[in-house]
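Encoded as C-alpha cells, the structure appears first; notes follow it.
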Amino acid sequence: MLDAGLCRNVLISYGHNALSSDSLLAMLMDFAGDDAVFGHFGATGGYALAARRAMHEFNTGPQTWKHIAVGQRAWANLNPHAVMHGMPMSFDDYLSSKYVVEPLRLPDNCLVNDGGRAVIVTTLERAQDLKHRPAVILGLGQHNPSVQVTQSGTLAGSTGARKACETALSMAGITRDDVDACEIYDCFTYTVEVTLQDYGFFGPGEGESWFSEGTIGPGGRMPVNTSGGQLSEAYYMGLTPLSEAAMQIMGRCGDRQLGPATNTAEPNIVLVSDNGGILQAHSCCVLGRI
Amino acid sequence: MNREKTYAIVGVGYTPQGRVPGRTSLSFHLEACANAIADAGLSQDDIDGLICYRHFPASSDENDLTSHLVAQHLGIEPAYLSQDAN
C-alpha cells in the first residue's frame, strides 16, 4: 500500500499475554478429530513429526539442534531484555533436558511469554528525515507449499524457504555469499536447520558439521538469531526476527551488536525469515544498509 | 535507486516481556505501537497503515484482537487496516 500511495507510514504490530492468560490453553483444548484422539495435536506435535522425518531422511537430530539452542542462548546472554538472559546453557544442559514431544526437548521449543513488538515501515525518502539509520528492504520472497501436515511431502525440505529465498536474493541483486547474518523464524530448533538448509547454506545432513564450532553464536562466521531469537529472547511471530534485523542494521544492539563488538561481520546484509503452520508457509526478506 | 519506491524499517517498539501478569493482549499491542512511533520520531497522526500480525485465540476474558480494535484504541484512522490469518 506504500507503493500504491495509499499509505505513508505503516505500523506492524503484535502483542500477546501468552504466559499469563488462558489463551494458549483454550487453543489446545479446542483441538479435536482423529489426530487429537490419537494424541497428535499442537505445534510441537507437528514439528516433532517434521523433525523425526528429517532424522530419517538425512540423519539430523539432537547433535545438530544442540548447536542452535546453545548458540542462540549465548546471544540471549548478551541481551539484557531477553527472557533467558542470565541463564546460560551448555550442551550437557540441552541433552539432559526433558522431552516435550520426542524428538523435541524443552530448549528446542520457542518461549511462551507476555509482551509485544511493533515496527514502522516507510519510504527511504521519508526515512532520511527520521531518527535512525533505515533498515532498507532490499528483497522479498514468499512460497507457500501449504497442505495438511499429514499430507505434506516437504517436512524434511525443501520447504517454501527455498523458493522464497531465491526470489528475495534475486530481487536484492545479491547472492548468499553477500549475507552477513541471519534472523530466522525459530519456533523450533529444527525450523532453523531446515530453513538455513533450504536457503543453501549447507546440504541435507551437513547441518551438524556446519553448526559446530560456534558458527551461529557470538564471534561466529554466520551469526543467527542475535537477540536470542524466539528460543531465548521472546516470541512475537515474525516480528522477533524482523525487529532484531532492523535493530542490528541500525547499530543499536549494545553488547550483542554485530561488528567489532562481537567479533563478527558488519550487518550490511541480513537475511530474515518467517514461517507459518507446520512449515507450510514461508516469507524471506533481505534487509540491509545502503 | 528510487528513494520513493524503496522502503525501510525506521522504528522498533518494545514492551516489558516474560511474565508480565495482569495485562491484556491489546495493551501489549498499544504499548509496542506507541513505542515504535516514538522510536521513529513520528507522531501517531502520521500512521496511515496498520497491520496486526497473525495471532492466537483470545483468552476467555478478552475480545478477539483485530486491527480495528488496535486502531480504535490508538485513536487513529488508517487508510489501510489488515490482519494476517494464523
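Within region B:26-46, is even one residue within 8 Å of chain A (Cβ to nearest Cβ), outside any helix (DSSP H, G or I), in contact (Cβ under 8 Å) with a residue 24 or more places away in the chain and within 25 Å of residue A:137 (Cα to Cα)? Within region B:26-46, one or more residues are within 8 Å of chain A (Cβ to nearest Cβ), outside any helix (DSSP H, G or I), in contact (Cβ under 8 Å) with a residue 24 or more places away in the chain and within 25 Å of residue A:137 (Cα to Cα).
Of all residues in region B:47-66, none satisfies the criterion of being crowded, with 17+ Cβ neighbours inside 10 Å and either more than 8 Å from every other protein chain (Cβ to nearest Cβ) or among the basic types (Lys, Arg) (or both).
If you check A:41, A:31 for being surrounded by fewer than 16 Cβ atoms within 10 Å (Cβ to Cβ) and within 30 Å of residue B:60 (Cα to Cα), only one passes: A:31. On the stretch given as region A:251-277, residues that are of a type in the set (Asp, Glu) and surrounded by fewer than 22 Cβ atoms within 10 Å (Cβ to Cβ) total 2. Return the residues of region A:161-215 that are basic (Lys, Arg) and within 20 Å of residue A:71 (Cβ to Cβ); say none if nothing qualifies. Residue satisfying the conditions is A:176 alone.
Annotation note: Cβ proximity below 8 Å between a residue of region A:47-62 that is outside any helix (DSSP H, G or I) and a residue that is surrounded by fewer than 23 Cβ atoms within 10 Å (Cβ to Cβ) and of a type in the set (Gly, Ala, Ser) (sequence gap 6+ or interchain) occurs for A:59/A:205; A:60/A:205. Taking the criterion of being free of Cβ contacts under 8 Å to residues at least 12 places away in the same chain and outside any loop (DSSP other than H, G, I, E, B), the residues of region B:1-25 that qualify are B:7, B:8, B:9, B:18. The lone criterion from (1) at positive phi; (2) surrounded by fewer than 18 Cβ atoms within 10 Å (Cβ to Cβ) left unmet by residue A:157 is number (2). Of the residues screened, residue B:18 is one that is within 28 Å of residue A:30 (Cβ to Cβ) and surrounded by fewer than 19 Cβ atoms within 10 Å (Cβ to Cβ). Pairing each residue of region A:89-108 that is at pLDDT 95 or above with any residue that is surrounded by fewer than 16 Cβ atoms within 10 Å (Cβ to Cβ) and in a strand (DSSP E or B), provided the two are 6+ apart or on different chains, yields C-beta distances under 8 Å for A:105/A:99; A:106/A:99. Only a single item in (1) modelled with pLDDT of 95 or more; (2) out of contact with any strand residue (DSSP E or B) (no Cβ under 8 Å at 6 or more places or on another chain) is not met by residue A:9, and it is number (2). Among the residues of region A:15-34, some residue qualifies, meaning at least one is among the hydroxyl-bearing types (Ser, Thr, Tyr), over 20 Å from residue A:187 (Cβ atoms) and touching a strand residue (DSSP E or B) at 6+ places or on another chain (Cβ under 7 Å). Among the candidates A:248, A:230, single out the residue that is more than 10 Å from chain B (Cβ to nearest Cβ), more than 29 Å from residue A:51 (Cα to Cα) and surrounded by 24 or more Cβ atoms within 10 Å (Cβ to Cβ). Residue meeting the stated conditions: A:248.
Matching residues to (1) within 11 Å of another protein chain (Cβ to nearest Cβ); (2) part of a loop (DSSP other than H, G, I, E, B); (3) under 26 Å from residue A:211 (Cβ atoms):
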position: A:82; (1), (2), (3): yes, yes, yes
position: A:85; (1), (2), (3): yes, yes, yes
position: A:112; (1), (2), (3): yes, yes, yes
position: A:117; (1), (2), (3): yes, no, no
position: A:122; (1), (2), (3): yes, no, no
position: A:130; (1), (2), (3): yes, yes, no
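Here the condition is being within 18 Å of the chain's Cα centre (by Cα) and crowded, with 24+ Cβ neighbours inside 10 Å; of A:218, A:241, it holds for A:241 alone. Scanning region A:181-210 for residues that are within 16 Å of residue A:160 (Cα to Cα), of a type in the set (Ser, Thr, Tyr) and over 10 Å from the mean Cα position of the chain (by Cα) turns up A:190, A:199. Against the numbered list (1) within 14 Å of chain B (Cβ to nearest Cβ); (2) not in a loop (DSSP other than H, G, I, E, B), residue A:261 comes up short only at (1). The residue that is farthest from residue A:247 (Cα to Cα), counting only those in region B:47-61 that are part of a loop (DSSP other than H, G, I, E, B) and at pLDDT 95 or above, is B:48. Residues of region A:1-42 that are small (Gly, Ala, Ser) and either within 10 Å of chain B (Cβ to nearest Cβ) or over 30 Å from residue A:152 (Cβ atoms) (or both): A:4, A:5, A:13, A:15, A:18, A:20, A:21, A:23, A:26.
The values are calculated or read from the model by the stated rules, or taken from the named source; none is laboratory data. Model, not experiment: these values are computed from the prediction. Note that we place each Cβ from the backbone using ideal geometry, even for glycine, and neighbour counts take in every protein chain shown.
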